Amino acid sequence: MSEHETIIVEREGRVGVITLNRPKALNALNTTLMTEVVSAATGFDKDPDIGAIVITGSEKAFAAGADIKEMSSKSYSDVVGEQFFAAWDDLARLRTPMIASVTGYALGGGCELAMLCDILIAGDNAVFGQPEINLGVIPGIGGSQRLTRAVGKAKAMDLILTGRNMKVDEADKLGLVSRVVPKENCLTTAKEVAETIASKSFIAASLAKDAVNRAFESGLGEGIRAERALFYSTFATDDQTEGMAAFVEKREPKFTHS
Ligand SMILES: CC(C)=CC(=O)SCCNC(=O)CCNC(=O)[C@H](O)C(C)(C)COP(=O)(O)OP(=O)(O)OC[C@H]1O[C@@H](n2cnc3c(N)ncnc32)[C@H](O)[C@@H]1OP(=O)(O)O
């Protein structure tokens, strides 16, 4: 029996592979999954025999976002008190290069998890988006910051304010993904990229990762803290309660702008 409830953890030579495994919920990121992914990745990061980490999901969904059913009943004081989502930030501090293999939906927190990785290999069926606004909230795992840095303000505003989904061709044109491959080859390609990286000097690879991230991230910490506070504040609104209840009840939301 696996020691994990929501992920599968494997090692292939010097590559650690974490597969999100909540197929019935399209790999929605609940607290158990977050804890398990962060713990498995942190374990790989401390292991001198691992030189790269691959994170993947299923053909239909890398991850369809944070778990709306889990979040829907939370209050403002719950999300602030728990520092909800803060554990995801630990992934950004790992030294080991991380490769996301994305097929199918990468929405909301799923898109944010993919963007937390250093290289994003996308299948030709991948769909990206930050649809939090449709639930009366905003991105909370770094999406407003990382998406903006990756694709620029104009496109980030378009995606985040409309909540529309984006197919892989558009994501590729915008520079969000590293490579697009046929969906059948996505995981194999991600593992090959990981093996190549794992065959290099780990010190050089981790310093190179750090250097690129410094160019990308200056000011990011402040941005994430600001985003988190703003995200938490959406849980003080009626529109968050209504947006998430509507999803759970499979109906259109009726926002009252309060
Ligand atoms: C709030 C922050 C900071 C971050 C977020 O990530 S909020 C969530 C953002 N994501 C979304 O809004 C996407 C929600 N999902 C969908 O719109 C659809 O599921 C879909 C378009 C991705 C796929 O539609 P499809 O018709 O193919 O599949 P469904 O029947 O809708 O889903 C199957 C199964 O999975 C459950 N599901 C899907 N996404 C989530 C989610 N994010 N959280 C919880 N559960 C999710 C869905 O309810 C259904 O299960 P049930 O049949 O048991 O209801």
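Sort out which residues of the stretch 163-175 are closer than 19 Å to GLN240 by Cα and either within 11 Å of the ligand (Cβ to nearest atom) or in a helix (DSSP H, G or I) (or both), and write them in order of number.
GLY163 - this is the single residue of the stretch 163-175 that is closer than 19 Å to GLN240 by Cα and either within 11 Å of the ligand (Cβ to nearest atom) or in a helix (DSSP H, G or I) (or both).
Quick one: in the stretch 93-129, which of the residues that are free of Cβ contacts under 8 Å to residues at least 40 places away in the same chain and open to solvent by 10 Å² or more (accessible area, probe 1.4 Å) is farthest from ALA156 (Cα to Cα)? By that ranking, first place goes to ARG93. Within this structure, ILE138 passes the test of being within 16 Å of the ligand (Cβ to nearest atom), open to solvent by 50 Å² or more (accessible area, probe 1.4 Å) and touching a helix residue (DSSP H, G or I) at 6+ places or on another chain (Cβ under 6 Å). Give the stretch 42-68 a look and list any residue that's assigned to a helix (DSSP H, G or I) and surrounded by fewer than 20 Cβ atoms within 10 Å (Cβ to Cβ), or say none. THR42, GLY43, ASP45, LYS46, listed by residue number.
Restricting the stretch 224-241 to residues that are more than 14 Å from the ligand (Cβ to nearest atom) and not small (Gly, Ala, Ser) leaves a set whose member that is nearest to the chain's Cα centre (by Cα) is ARG225.
A single entry from ALA194, ALA205, ALA245, ALA211 fulfils the requirement of being outside any loop (DSSP other than H, G, I, E, B) and free of Cβ contacts under 8 Å to residues at least 24 places away in the same chain: ALA211. For the stretch 213-224, the candidate set comprises residues that are farther than 20 Å from THR96 by Cα and surrounded by 12 or more Cβ atoms within 10 Å (Cβ to Cβ); within that set, the residue that is modelled with the highest pLDDT is ILE224.
Quick check on my filter: what residues within the stretch 152-175 are open to solvent by 20 Å² or more (accessible area, probe 1.4 Å) and closer than 23 Å to GLY123 by Cβ? Working first, answer last.
We begin by selecting, within the stretch 152-175, every residue open to solvent by 20 Å² or more (accessible area, probe 1.4 Å); these are 152-155, 157-158, 160-162, 164-165, 167, 169-170, 172-175.
LYS155, ARG164, ASN165, LYS167, ASP169, GLU170, ASP172, LYS173, LEU174, GLY175 - these are the residues of the stretch 152-175 that are open to solvent by 20 Å² or more (accessible area, probe 1.4 Å) and closer than 23 Å to GLY123 by Cβ.
How many residues does the stretch 69-83 contain that are part of a loop (DSSP other than H, G, I, E, B) and under 17 Å from LEU135 (Cα atoms)?
Residues that pass the stated criteria total 4.
Within the stretch 24-40, which residues are free of Cβ contacts under 8 Å to residues at least 24 places away in the same chain and away from the ligand (no atom under 16 Å from the Cβ)? Once the filter is applied, which keeps residues that are free of Cβ contacts under 8 Å to residues at least 24 places away in the same chain and away from the ligand (no atom under 16 Å from the Cβ), the stretch 24-40 yields only SER39. Here GLU112 clears all of (1) more than 28 Å from HIS257 (Cβ to Cβ); (2) within 16 Å of the ligand (Cβ to nearest atom); (3) within 15 Å of the chain's Cα centre (by Cα) except the condition numbered (1). Out of the stretch 4-41, which residues are part of a loop (DSSP other than H, G, I, E, B), open to solvent by 30 Å² or more (accessible area, probe 1.4 Å) and touching an Asp or Glu at 6+ places or on another chain (Cβ under 9 Å)? Result: HIS4, GLU5, GLY13, ARG14, ASN21, ARG22.
The values are calculated or read from the model by the stated rules, or taken from the named source; none is laboratory data. Just so we're clear, the structure is a prediction, and the values are computed from it rather than from any experiment. A quick note on method: Cβ atoms are made from the backbone with ideal geometry, for glycine too, and the neighbour counts reach across all protein chains shown. Just so you know, the surface numbers come from the protein's heavy atoms only, side chains and all, with ligands and any DNA or RNA stripped out. Shrake-Rupley method; radii C 1.70, N 1.55, O 1.52, S 1.80 Å.
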